[in-house]
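Taking it in order: structure first as structure tokens, then the write-up.
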């Protein structure tokens, strides 16, 4: 009996030891879990023993989590890849056409404004979406209509972009003058401003869009069609040839020259003052002499740019459509400028024509 009693006690003590060890092992993990749930301030109230256990336990837990998700997970981690939508020019294969200047724009045209000589052309007859280059025609009509520029116009829900979901700091209910809206539309490509200008035109938006198309026909812009005044719709389309014609006419309007090349502009909206900057960084570059400009972008059109600028003593009209890359249209303009300047310094003729049949 004595031996049996001692054996039973031994087994009891062994089991008790396992329980103690298991409890001791589980306790730090449980404490760590509770600390993770508790607010940061409560961690300072833990005992010194718990504080000593926290760093080691935290590292172990984090390392284990990384290993499980990255290495030992049964199912591989899959990341959804959504390719960027292709522009119309990319879909048409226009980017496959090379040119002597290695331009990133699939369409380009450079014309001497005085002589009408074509200095450079690339797919210049291709008809593509023109994005916010549309606003140049919008601005031309507003300016030529001689409407009162001090007349207040209020942004309404009708001016909110439902096609692309683009954002605007001109919230519904904001009231600015027609002149302020025109400035923002041409300089910073403000979509709600441009839409409000067309909506409040005498006769309404439908009349305004009709006048845009009539004006294009009057100017001989046979490749051009407008369906709205902002350029958000990919159905607003034109060719580089037509856009060069529009730039030439718009450059003759002093108001469009001034507003489109303004580096920045501030407007008062209630108690706030909003500052807008020009979407074309070249207007702030002292090495450029730009008389008129407009940028544009939607995914269907790529990056677009039209300009009138003086380069090497010549007045040039530049059109770049469907440029691939956020700053590539500006880079193309720089490439053309350096090319013209280098040719002028050598007294060499300018000519670079590529696939003009579009």
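The values are calculated or read from the model by the stated rules, or taken from the named source; none is laboratory data. Not measured: the values here are computed from a predicted model. Counting neighbours? That spans all protein chains shown, and the Cβs are built from the backbone with ideal geometry, glycine included.
Every residue, every condition in (1) touching a residue at least 60 places away in the same chain (Cβ under 8 Å); (2) closer than 23 Å to residue 208 by Cα, yes or no:
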site	(1), (2)
88	yes, no
96	no, no
100	yes, no
112	yes, no
116	no, no
122	yes, no
141	yes, yes
161	yes, yes
184	yes, yes
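Inside the stretch 206-223, can you point out the residues that are under 26 Å from the mean Cα position of the chain (by Cα) and free of Cβ contacts under 8 Å to residues at least 40 places away in the same chain? Residue satisfying the conditions is 209 alone. The strands (runs of 3 or more DSSP E) found wholly in the stretch 248-335 and carrying at least 3 residues that are at negative phi and touching a helix residue (DSSP H, G or I) at 6+ places or on another chain (Cβ under 7 Å) occupy 290-298, 302-311, 314-323. Confirm whether residue 240 is buried (at least 17 other Cβ atoms within 10 Å of the Cβ) and in contact with a helix residue (DSSP H, G or I) (Cβ under 9 Å, 6 or more places away or on another chain). Judged against the criteria, residue 240 is not a match. For residues that are more than 23 Å from the chain's Cα centre (by Cα) and within 21 Å of residue 253 (Cα to Cα), scanning just the stretch 181-201, find the one that is surrounded by the most Cβ atoms within 10 Å (Cβ to Cβ). Top of the filtered list is 198. For residue 132, the test of being surrounded by 20 or more Cβ atoms within 10 Å (Cβ to Cβ), in contact with a strand residue (DSSP E or B) (Cβ under 8 Å, 6 or more places away or on another chain), outside any helix (DSSP H, G or I) and at pLDDT 95 or above is failed.
So is residue 103 in contact with a helix residue (DSSP H, G or I) (Cβ under 8 Å, 6 or more places away or on another chain), part of a loop (DSSP other than H, G, I, E, B) and either modelled with pLDDT under 95 or crowded, with 20+ Cβ neighbours inside 10 Å (or both) or not?
In short, yes.
Sub-8 Å Cβ pairs linking a first residue in the stretch 224-247 that is assigned to a loop (DSSP other than H, G, I, E, B) to a second residue that is crowded, with 24+ Cβ neighbours inside 10 Å and at pLDDT below 95, at least 6 apart or interchain, number zero. For residue 259, the conditions (1) crowded, with 17+ Cβ neighbours inside 10 Å; (2) under 21 Å from the mean Cα position of the chain (by Cα); (3) over 23 Å from residue 340 (Cβ atoms) are fulfilled apart from (2). Taking the listed residues 167, 178, the one that is at pLDDT below 95 and either more than 20 Å from residue 244 (Cα to Cα) or within 17 Å of the chain's Cα centre (by Cα) (or both) is 167, with no other qualifying. Residues that are in contact with a strand residue (DSSP E or B) (Cβ under 8 Å, 6 or more places away or on another chain) and in a helix (DSSP H, G or I) within the stretch 164-190 comprise 178, 180, 181, 183, 184, 186, 187, listed in sequence order.
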